Amino acid sequence: MPSIKKEDAALGATIEGINLSERISKEDLDFIRTNLAIHQVVFFRDQNLSSKDHRNFALKLGELQTHPAYPTVKDYPEITILENDKDNPSKIEEWHTDMTFKSHPPLGSILIGKIIPKTGGDTLFSSLSSAYDDLPNSLKITIKDFSAEHSFEKGFQESLAEPGGRQRLSEALKENPPVSHPVVRTHPVTGRKLLYINRLFTSKINELSQTKSEELLSFLFDHIHKEKYIFRFKWEKNSIAFWDNRSVLHKPDNDYWPQLRRMERITINDPIRPY
């Protein structure tokens, strides 16, 4: 029987009693889905998954996405490699929700720790629904019908600025023009409202002037990054973090550099556009 152990934080819980490399029953899949929506990010320990196991588990939860900017595991184009060492420092330093530059951002991501540094390298998660709950009612009313632009170009500006960067990512730029999503999103499972913005990809609020947009976004970004909404996950080899991309921000702590850290991620498609 699977069990759930909630973290003492605004989000996060560890699931025990399910081996993800074996056949997973419908009841266990429902258990995972339900707890993902409730706790926003769920963790598993000691899951020695092959690439085939990783993909098979993810396919039980939905169709899989590919990423336009990262390398992938051989024969598994759905599995993104996130590998950094002294010669390849991480470019991701900022809080973000995955791929909000798409019209249908992912439902969630399943990240496996393959090579874990001796020290550092945690991942931080922040609850966008708890952050929304704490806003003053007057601000909730002000922003309830606002929309915001999300931009691939903004999010990957460092990679684009590298020699040959625009040429390497030219197809991704063409395929991912800016899109708009509601500033206040409703979670399709729990019905909770949340702040659907992130500093990496959100470029402006459409209904405001540039100055007013920058002021409001700056305030909201600072708000959603407050310590009380955050849980810090400490990695071990073969640990898994499965986060609900509809309601969570995350970012890596790159304090492990220049040690080697290798993670492998699958991203699950969401057929429902944010509303």
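Just so you know, all these numbers are worked out from the coordinates, no wet-lab data involved. These figures come from a predicted structure and were not determined experimentally. FYI the Cβ positions are ideal-geometry reconstructions off the backbone, even for glycines, and counts take in every protein chain you see.
Using a cut-off of 13 Å between beta-carbons, work out the net charge of the residues near N137 (Lys and Arg +1, Asp and Glu -1, N137 not included).
Neighbourhood net charge equals +1.
Note down the net charge around T80, summing +1 for each Lys or Arg and -1 for each Asp or Glu among other residues with Cβ under 15 Å from its Cβ.
+3
For a footprinting-style exposure proxy, rank L208, L59, L160 by other Cβ within 10 Å, fewest first.
L59, L208, L160
Would you order H225, H104, H250 from fewest to most other beta-carbon atoms within 10 Å of each residue's own beta-carbon?
The fewest-first ordering by Cβ neighbours comes to H104, H225, H250.
Is there a pair in K118/K193; K6/K204; K74/K226; K174/K234; K5/K26 whose C-alpha atoms are over 27 Å apart, and which pairs would that be?
In this structure, K118/K193; K6/K204; K74/K226; K174/K234 exceed 27 Å between Cα atoms.
Would you list K5, K102 from fewest to most Cβ contacts within 10 Å?
K5, K102
Per residue of the chain, what 222 nm ellipticity follows from adding -39500 (n - 2.57) for every DSSP H run with n ≥ 4, rounded to the nearest 500?
Computed mean residue ellipticity for the chain: -6500 deg cm²/dmol.
Enter the Cα centre distance for the pair region 1-28 and region 128-150, rounded to the nearest angstrom.
The two parts, judged by their Cα centres, are 31 Å apart.
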